[in-house]
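The values are calculated or read from the model by the stated rules, or taken from the named source; none is laboratory data. Owing to the predicted nature of the structure, the values given are computational and were not obtained by experimental measurement. Neighbour counts are summed over all protein chains in view; Cβ atoms, including those assigned to glycine, are modelled from backbone coordinates with ideal geometry. Areas reflect the complete protein model, heavy atoms only, side chains present, ligands, DNA and RNA absent. Shrake-Rupley method; radii C 1.70, N 1.55, O 1.52, S 1.80 Å.
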Amino acid sequence: MQSFTVSNFLSGLIDISSIFNQPCALCGNGQAQQGFCAPCHRDLPRLAPPFCSRCALPLPEAGVCGRCLRHPPIFDALHVPYVYRYPISSLIHAFKYGRRLELAGILGHLLANGTPPIDQKYDIVIAVPLSKERLAERGFNQSLELARSVVGIIPHRFLPGLCWRKCNTHSQAGLSPRQRRRNVRHAFCVETRLDGLSVAVVDDVVTTGSTLDSLASELKKWGAKRVDAWALCRTLRPKT
Ligand SMILES: [Zn+2]
Ligand SMILES: [Zn+2]
């Protein structure tokens, strides 16, 4: 299977046409580029270093946080450019629950261009799958739309059907970290061996990382040698 570089992953095949010539998604200003006017883009809540190199929680200095030292995540790296805070939180809400699918390109572009370039190569890009029930209820998988807008349609590399969610787990909202881990344990199935392959998993919002961990665990059980997570934003204070 052919590898591709992160620079391809980040910017190669994004559907630029969908985000040109639109007014700013936040203030309606017509002078927008890639979805935002310059002042609104500048004010987006960036996740600024230093942060934990495994889970991206802010730290006083660069390194690995205490929790990741005690219980290292199963995914190998988490790339996340923004904090889940207004106004990104309201855009994601409008995208997911208001069915504003036109925001997929804008949000995907933020994810694609928000992280510094790295050398990692991936064999496969997938999105965190939704259960059949949740998909029927929402009509689309927001992570899949983000992933699609990031990598474009490249069937031999972008494999949305590689894994699925076998049961409709309860919403993670309002659960403690321990309950979240239990809720998503064994939630995913993978359809083929992935021996020696590197996988990038795209998600919209990371809270405790337990969903990504459960999926990474299944991917590694099927042979993946590396699983990195790419998410648009992360919450800073997981609910306890
Ligand atoms: Zn604006
Ligand atoms: Zn950490």
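With a Förster radius of 30 Å applied to the beta-carbon distance between residue 99 and residue 48, the computed FRET efficiency rounds to 0.40. A 1.4 Å probe run over region 44-166, with the rest of the protein chains in place, finds 47 Å² accessible per residue.
Modelled this way, with points 7 Å down the Cα-to-C-beta line, the labels at residue 41 and residue 115 are 2.1 nm from one another. Per-residue 3J(HN,Hα) values for region 68-80, derived from phi via the Karplus relation 6.51 cos²θ - 1.76 cosθ + 1.60 with θ = phi - 60°, read 6, 5, 6, 10, x, x, 7, 5, 8, 8, 10, 9, 8 Hz in sequence order (x marks Gly and Pro). Amide H contacts of residue 37: 24, 25, 26, 27, each under 5 Å away and 5 or more positions distant or on a separate chain (H built 1.01 Å from N in the peptide plane; Pro and chain starts excluded).
Net charge near residue 80: determine it from the other residues with C-beta under 10 Å of the C-beta of residue 80, scoring Lys and Arg +1 and Asp and Glu -1. Intermediate results must be reported in sequence, preceding the final value.
Numbers: positive: 234; negative: 203.
It works out to a net charge of 0.
Within region 55-158, the trypsin sites (Lys or Arg not before Pro) that combine a DSSP coil assignment with at most 16 other C-beta atoms in a 10 angstrom radius are 85, 99, 100. Partners of residue 166 within straight-line reach, counting lysines whose Cα lies under 27 Å from its Cα and excluding those fewer than 8 residues away in the same chain: 96, 132, 220, 221, 225, 239.
Given R0 = 35 Å, the distance between the Cβ atoms of residue 133 and residue 236 translates into a calculated FRET efficiency of 0.70.
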